[in-house]
Amino acid sequence: MTGRRVLVAGVGNIFLSDDGFGVETLQRLVGGGLPDGVDAVDFGVRGVHLAYQLLDGYRTLVLVDATSRGGAPGTVYLIEARTGPVESTAAPALDGHRMGPDAVLALLDTLSAGTDGVPPERVLVVGCEPASLEEGMGLSAPVAAAVDEAVRLIRQVLDAEVNRATGSPPYERKATTC
């Protein structure tokens, strides 16, 4: 892939039930291989690390996270986030364990201005409606069932991004066996 890369970032806390959706989805995605120019990183609850990673020159960010939007548990969403400066009346909170995607993007604008870094042109969120965010490990049944759907959706996004970057048809994924 020519030009800047794509970052798929799994975020969430695996100790809060369905908040581990992003981490689980990322693990399954990576297990199937990734196209050239795509980095996939499990950031968990390390939002500050995600903001600094984005300064490395990614064209597109795909955040994978539990996302409460009022749908039925297990509903998968594809959301195009607004890019550009995030309006805020206060500086982003730097509590590395409580930085949601909105705080990461606000911090990214601040870091970019101070380092001449370039934020992503496009930010997408692949989210899943959680059933539970209570303490506990493991995804609820509807969220666990949504992981494969989310992986398929991310692969479609990556196909489109590869096509957009190279101007060529999406790559063919070939199954290989060992």
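See the values below:
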read-out: Pairwise label distance in nanometres, residue 137 with residue 52, each label 7 Å out on the Cα-Cβ vector; value: 2.7
read-out: Backbone N under 19 Å from the residue 149 label point (7 Å along Cα→Cβ), restricted to region 41-76; value: 63-76
read-out: Interchain or long-range residues, amide H under 5 Å from residue 124's placed H; value: 61, 62, 63, 81
read-out: Placed amide H near residue 75: partners under 5 Å, 5+ positions off or other chain; value: 129
read-out: Whole-Hz ³J(HN,Hα) from phi, Karplus 6.51 cos²θ - 1.76 cosθ + 1.60, for region 68-77, glycine and proline x; value: 7, 10, x, x, 6, x, x, 5, 9, 10
read-out: Compactness relative to 2.2 N^0.38 Å, alpha carbon Rg of region 16-66; value: 1.17
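FYI, it's all coordinate maths here, none of it is from the lab. This is a predicted model, so every value here is computed, not measured. Note: ideal-geometry Cβ built from the backbone for every residue, glycine included; neighbour counts use all protein chains shown.
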